[in-house]
Amino acid sequence: MRWDAPGDVHWVEFGIGGLGDKTEETATPEALLRLHEGAWVIRAVSLDDDGRRRTQTSSLVVPEQPELLGRFDVLVSEPEAELRDLLLFFNQYSMEPRFSWVAVIDGTGRHRWYLPGDPPPFKINRAHVGPDGQPWFTTYHWDREADWGTLHQVSWDGLHRERWSLPEQHHDFVVEDDSVTWLSWVYRDTPMPGTTSPVATDALRSRPLDGDQPSILWSVLDDHPLDLRPPCPHASAPKFKPGFTEFSHGNSVVSVDDEWWVMLRYLDQIVAVDKQTGATKWSLGGPEATLSYDGVPPSHPHFSDAWADGLLVFDNGDHRPDDTSSAIEYVLDGEVAREVWRFEHPDGAHTPFLGDVRRLPGGNRLVVWSSSGELMEVTPDGRVVWHAVTPDVVGRVTVLDPGWQPVF
Ligand SMILES: [Zn+2]
């Protein structure tokens, strides 16, 4: 709705069956309300230059959310849970029928915003909130049979959409300093020992958003010389990238000061790449590593949240005897990564793909067991204070800032 607002003080009153809610009073005559389904009454209020209250009232029906968008049931919501007052942004998808979305839910598990992806074979595979405060996401071919890697930027109000081609894109990207950096495949024709198909491994490519050509900043083949041998049976099974045997299966890229930290999943290794030179600065765990874990290393993990001397890792646990998945926090202490916190899935469940763990503003952790559609808020002493579940797969999650307001 739109109304010509007089004066410099504006707010919106709104609610279902009444006007119980109210936005902050602001000098900006724009507001975006994150309304769940239902019949709403909305009143725009402005104070004119003489301080008189001027209003316009409308009604708005927000339709029920689509059948194909999996709903969330909140099973636990303790009063102390931070997520009761926060919003979560992520991609979610269903395997049957195939459908993918980017979405925002609130602490009651209700969707407050969602955007459908294009129909298969396009799949939304990763979503971030960019430095502009807007949603960004990538899509690729659902079965990775063609190179259709694409970056999308949309505005929260849905009025603006833009897209860029990201060659060989898979798994993860970062938008920073007016450019995008993404995980991509590079290839070698010679099969690895014991295999017959050509090799796919990982590179970081980047491009300015103003249209210049993409370039390779760093690649396993040229900048991280390792013996190209199948590290485990996952690499030998050409199932993720048809026609190729994957050596490293990079799945995460995180910006930490002047470095990109890259997770090479099949190698159980994190590599730090100099953003300016593309040089490998250190590697943690896995083959020929310069840093090591002080205990049992994670097995085929993912990660999204890292800082100068620490990180949170979602340890899928693929090669552990009981294959229970866990969230682990490490402190980087010289040449050792020291485990300072661990939370295993309470039922011993295994998350075979994706998975995420992030800090919340008040010190709790959000753990995402992607394949079972479970999100949990966990306290430092390991209590689950918020727990939601959906039939969909949940991708990796961004916690929107408290008091988040979208930027127009
Ligand atoms: Zn493996």
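General remarks:
- Elements of type strands (runs of 3 or more DSSP E) in the stretch 301-408, at least 2 residues being touching a strand residue (DSSP E or B) at 6+ places or on another chain (Cβ under 6 Å) and among the aromatic types (Phe, Trp, Tyr): 336-344
- Some residue of the stretch 328-346 being over 23 Å from Ala81 (Cβ atoms), surrounded by fewer than 21 Cβ atoms within 10 Å (Cβ to Cβ) and within 16 Å of the ligand (Cβ to nearest atom): no
- One residue stands out among those in the stretch 10-21 that are touching a residue at least 24 places away in the same chain (Cβ under 8 Å) and of a type outside the set (Phe, Trp, Tyr): the one that is farthest from Ala31 (Cα to Cα), which is Gly17.
- Check on Pro238, in a loop (DSSP other than H, G, I, E, B) and modelled with pLDDT of 95 or more: no
- Checking Phe173 against (1) within 20 Å of Phe89 (Cα to Cα); (2) surrounded by fewer than 19 Cβ atoms within 10 Å (Cβ to Cβ), the condition it does not meet: (2)
- For first residues located in the stretch 42-64 and of a type in the set (A, V, I, L, M, F, W, C), partners that are at pLDDT below 90 and assigned to a strand (DSSP E or B) and lie 6+ apart or on another chain with Cβ distances below 8 Å form the pairs Ile42/Leu60; Val61/Gly38; Val62/Gly38.
- Residue in the stretch 286-294 that is over 23 Å from Tyr93 (Cβ atoms), within 16 Å of the ligand (Cβ to nearest atom) and among the small types (Gly, Ala, Ser) present: yes
- Qualifying residue in the stretch 255-277 (condition: modelled with pLDDT of 95 or more and more than 24 Å from Arg126 (Cα to Cα)): yes
- For the stretch 98-109, the criterion of being in contact (Cβ under 8 Å) with a residue 12 or more places away in the chain, of a type in the set (Val, Ile, Thr), touching a Lys or Arg at 6+ places or on another chain (Cβ under 6 Å) and assigned by TED's automatic domain parsing to the domain that holds Leu360 is met by at least one residue.
- Residue tally, condition farther than 20 Å from Val253 by Cα and among the polar types (S, T, N, Q), over the stretch 129-181: 1
- The condition of being within 16 Å of the ligand (Cβ to nearest atom), touching a residue at least 40 places away in the same chain (Cβ under 8 Å) and of a type in the set (D, E, K, R) holds for Asp318.
- Looking only at residues in the stretch 193-240 that are among the charged types (D, E, K, R) and within 15 Å of the ligand (Cβ to nearest atom), the one that is surrounded by the most Cβ atoms within 10 Å (Cβ to Cβ) is Arg229.
- Restricting the stretch 298-315 to residues that are farther than 17 Å from Val397 by Cβ and either away from the ligand (no atom under 16 Å from the Cβ) or modelled with pLDDT under 95 (or both), the residue that is surrounded by the fewest Cβ atoms within 10 Å (Cβ to Cβ): Ala308
- Lone unmet requirement of (1) within 18 Å of Val104 (Cβ to Cβ); (2) in a strand (DSSP E or B) for Thr139: (1)
- Any hit, the stretch 77-95, residues being in the same structural domain as Glu374 (by TED's automatic domain parsing), at pLDDT 95 or above and more than 22 Å from Thr390 (Cα to Cα): yes
- Matching residues in the stretch 166-192 - criterion: being free of Cβ contacts under 8 Å to residues at least 40 places away in the same chain and in a strand (DSSP E or B): Gln169, Ser179, Val180, Ser184, Val186
- Residue in the stretch 270-277 that is over 25 Å from the mean Cα position of the chain (by Cα), assigned to a loop (DSSP other than H, G, I, E, B) and away from the ligand (no atom under 16 Å from the Cβ) present: yes
- Matching option when the condition is out of contact with any helix residue (DSSP H, G or I) (no Cβ under 6 Å at 6 or more places or on another chain), at positive phi, in contact (Cβ under 8 Å) with a residue 40 or more places away in the chain and not aromatic (Phe, Trp, Tyr), among Gly38, Gly7, Gly70: Gly7
The values are calculated or read from the model by the stated rules, or taken from the named source; none is laboratory data. All values reported here derive from a predicted model rather than from experimental measurement. Heads up, the Cβs are rebuilt from the backbone with ideal geometry, glycines too, and the neighbour counts pull from every protein chain shown.
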